[in-house]
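Peer 1: My structure is below; once you've seen it, I'll send some questions.
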Amino acid sequence: MDYIIKGGTVCLEGEHFQADITLRDGKIWSLGCIGHKGSEEVIHADGMYVCPGGIDPHTHMDLQQSPKYRSCDDFYSGGVAAACGGTTTIIDHMAFGPEGCSLRYPFEQYKKLAETCPVDYSFHGVFQHVDESILQELAELIEEGFPSFKAYTTYGYPMGETEMMKLFPVLKAHGGLLTVHAESDGITNSLRQSLTKDELAPIGQARTRPNAAEASAVGQVLATARACGDAPVYIVHTSAHESVAQLRLARQEGQRNVYSETCPQYLLLREDKFIDGGPLEGIKYMMAPPLRQKEDNEALWSALQDGTVQVVATDHCPFTIEEKQAHVADFRGCPGGVSGVEERMPLLFSKGVVKGRLSLSQFVRLTSTNAAKIFGLYPKKGTLLPGSDADIVIIDPSQQRTIGKDNLHTTCGYSPYEGMTTDCTISHVFLRGQLIAKNNVFLGQKGDGQLLRRKRTVPYEDIIRL
């Protein structure tokens, strides 16, 4: 079916204006009253904002986090949540494979897992070790349309400078991008191992993963990328104000290919969530990096405004309340991760645009356009220009919604944002020209999502527009 969206404010990465949009054959056909056939279904969007479908480049669907725990949203339930929240594309960070496995191995597993996804999707590769065979596979996978990969500086396969010095040159030569979970393995593990029995409450997550642990690793990663000729690097879920300062300084000193994301939890929540309501409540907020302080929230909002941080993703990786609360006596065994793929866009519009922290164009760039450019999807995704996929979210600022477990589609049964009221709702969501969600009701089909092969990263200067 073809559609005309009439009367809304069309929001692009650099401007917004009132215009009709015609959707035909899954693409944006025209902006304005051009080429209407008269047979299109009309969607009236007076007083609403018409934006590119959201792109969340950091999810963990169906992730086996440990032998005991697997994230409770698979690609179908997580995709439904994404659709109802205005996100039409996800790029998933895959779990580690078996010890010593090839770089390609997780891709083959995840292609099967994602067959049920109702929104479009792609994958980031993941490094567990580095040798000549891995470097060969890396170049091949980039050419096949998967140009981004993840390294962790902690957890089971921590990558240090030596490994990254091998990865960055190959990635740079082939147009790839390294994304990094940056926390100091030495600091976090030393602090966790030194805890006494009286220090195992949920607040221990914040105490043992301090700002310094993140900032130390961010500094190391940026220095290594610089030593490799300004190789492109992307810091995931930035949370600490010291990390923001390092990212900003790196660019000021001429390191241009530095990118970063943050998440709603680091903009809107603080570490008192670990304490308020007692341990059974606090354990629900277990995530890494942990929630931080007001100073960090404010630094991240400023970083979104000045382009130091270019993307708001989610790190969507929920587990059930029961799985979390089983570790209330010792937070160290608790699976880490929370929901966010459904909450992200209405929260950022409400707490960003409505509150005057972000312009409409900044909102579009942070939720869609910048991710499309950084991860090789633009202009197929991330814009409403003619010829692009008709991925559209219509936001209604005249309605409010209080986030609660009864109006979310995640299977975890709760949200870290429960009780927050958004000054907008998601009215309509289109994926490639088809209506897949309307007023929080999913209308799409299991398996309708397409696996996206991506291009190489575009230059930093073509991404950052304040």
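Peer 1: Using label points projected 7 Å from each Cα along Cα→Cβ, tell me how many nm separate Tyr155 and Lys37, to one decimal.
Peer 2: Result for the modelled spin labels: 4.7 nm.
Peer 1: Let me ask another. Report the local net charge at His93: Lys and Arg +1, Asp and Glu -1, summed over other residues whose C-beta lies under 13 Å from its C-beta.
Peer 2: Numbers: positive: Lys150; negative: Asp56, Asp62, Asp92, Glu261, Asp315.
Around His93, the charge tally is -4.
Peer 1: Moving on. Stretched out fully, how many nm does the piece from Gln400 to Arg453 gain, at 0.36 nm a residue minus the Cα gap?
Peer 2: Values: separation 53, 0.36 × 53 = 19.08 nm, distance 3.69 nm.
Result: 15.4 nm gained on full extension.
Peer 1: Residues of the stretch 295-439: accessible area per residue at 1.4 Å, in Å²? Mind dumping the intermediate values first?
Peer 2: Working: 4110 Å² over 145 residues.
Per residue, the stretch 295-439 has 28 Å² of solvent-accessible surface.
Peer 1: Considering only the other residues whose Cβ falls under 12 Å of the Cβ of His60, what net charge follows from Lys and Arg at +1 and Asp and Glu at -1? Walk me through the intermediate numbers first.
Peer 2: Numbers: positive: Arg70, Lys150; negative: Asp56, Asp62, Asp73, Asp74, Asp92, Asp315.
Net charge around His60: -4.
Peer 1: Okay, moving on. May I ask you to compute the full-extension gain from Asp185 to Glu298, defined as 0.36 nm times their residue separation minus their alpha-carbon distance, rounded to one decimal in nm?
Peer 2: Working: separation 113, 0.36 × 113 = 40.68 nm, distance 2.64 nm.
Gain in length upon complete extension: 38.0 nm.
Peer 1: As a test, work out the antiparallel percent of DSSP beta bridges whose residues both lie in the chain, rounded to the nearest 5. Before the final figure, lay out the partial values.
Peer 2: Numbers: 29 of 63 bridges.
For the chain, the DSSP antiparallel bridge percentage is about 45.
Peer 1: Something else now. Which pairs in the list Lys381/Lys438; Lys294/Lys351; Lys111/Lys172 are over 18 Å apart, alpha-carbon to alpha-carbon?
Peer 2: Too far apart for the 18 Å limit: Lys381/Lys438; Lys111/Lys172.
Peer 1: Calculate the radius of gyration of the Cα atoms of the stretch 223-285 to one decimal place, then report Dmax, the largest Cα-Cα distance, as a whole number, both in Å.
Peer 2: 16.1, 49
Peer 1: How many percent of Cα pairs in the stretch 252-385 exceed 24 Å?
Peer 2: Details: 3335 of 8911 pairs.
Roughly 37 percent, once rounded to a whole number.
Peer 1: Multiply the residue gap between Gln434 and Ser194 by 0.36 nm, knock off their C-alpha separation, and tell me the result in nm, one decimal place.
Peer 2: Here the segment from Gln434 to Ser194 would lengthen by 81.0 nm.
Peer 1: Let me know the Kirkwood hydrodynamic radius for the chain, please, with Cα pairs as the basis and the value in Å to one decimal.
Peer 2: Working: mean 1/r = 0.0452 Å⁻¹.
The answer is 22.1 Å.
Peer 1: Taking the Cα atoms of the stretch 157-256, report the difference between the largest and smallest coordinate on each principal axis, in whole Å and largest first.
Peer 2: For the stretch 157-256, the Cα spread along each principal axis is 50, 28, 17 Å.
Peer 1: Using the 2.2 N^0.38 Å rule of thumb for compact globular proteins, work out how the stretch 1-96 stacks up: its C-alpha Rg over that value, please. Could the numbers behind the result be given before it?
Peer 2: Details: Rg = 17.9 Å, N = 96, 2.2 N^0.38 = 12.5 Å.
My calculation over the Cα atoms of the stretch 1-96 gives 1.44.
Peer 1: Oh, and also: In the stretch 98-221, if the dipole is taken from +1 on Lys/Arg beta carbons and -1 on Asp/Glu beta carbons about the Cα centre, which of Asn211, Leu167, Leu141 is farthest to the positive end?
Peer 2: Going by the charge dipole, the pick is Asn211.
Peer 1: Ok, one more. In the stretch 244-299, carbon and sulfur make up what percent of the accessible area (probe 1.4 Å)?
Peer 2: Numbers: 1010 of 2100 Å².
Answer for the stretch 244-299 is 48 percent, counting heavy atoms of protein chains only.
Peer 1: Measure up Lys150/Lys446; Lys112/Lys373; Lys197/Lys273; Lys324/Lys455; Lys27/Lys455 against 30 Å on the Cα-Cα distance and list the ones that go over.
Peer 2: Over 30 Å apart, Cα to Cα: Lys324/Lys455.
The values are calculated or read from the model by the stated rules, or taken from the named source; none is laboratory data. Since this is a predicted model, take the numbers as computed values, not measurements. Positions of Cβ are generated from backbone atoms using ideal geometry, with glycine treated the same way; all protein chains shown enter the neighbour counts. The accessibility values were calculated without ligands, DNA or RNA, using every heavy atom of the protein model including side chains. Shrake-Rupley method; radii C 1.70, N 1.55, O 1.52, S 1.80 Å.
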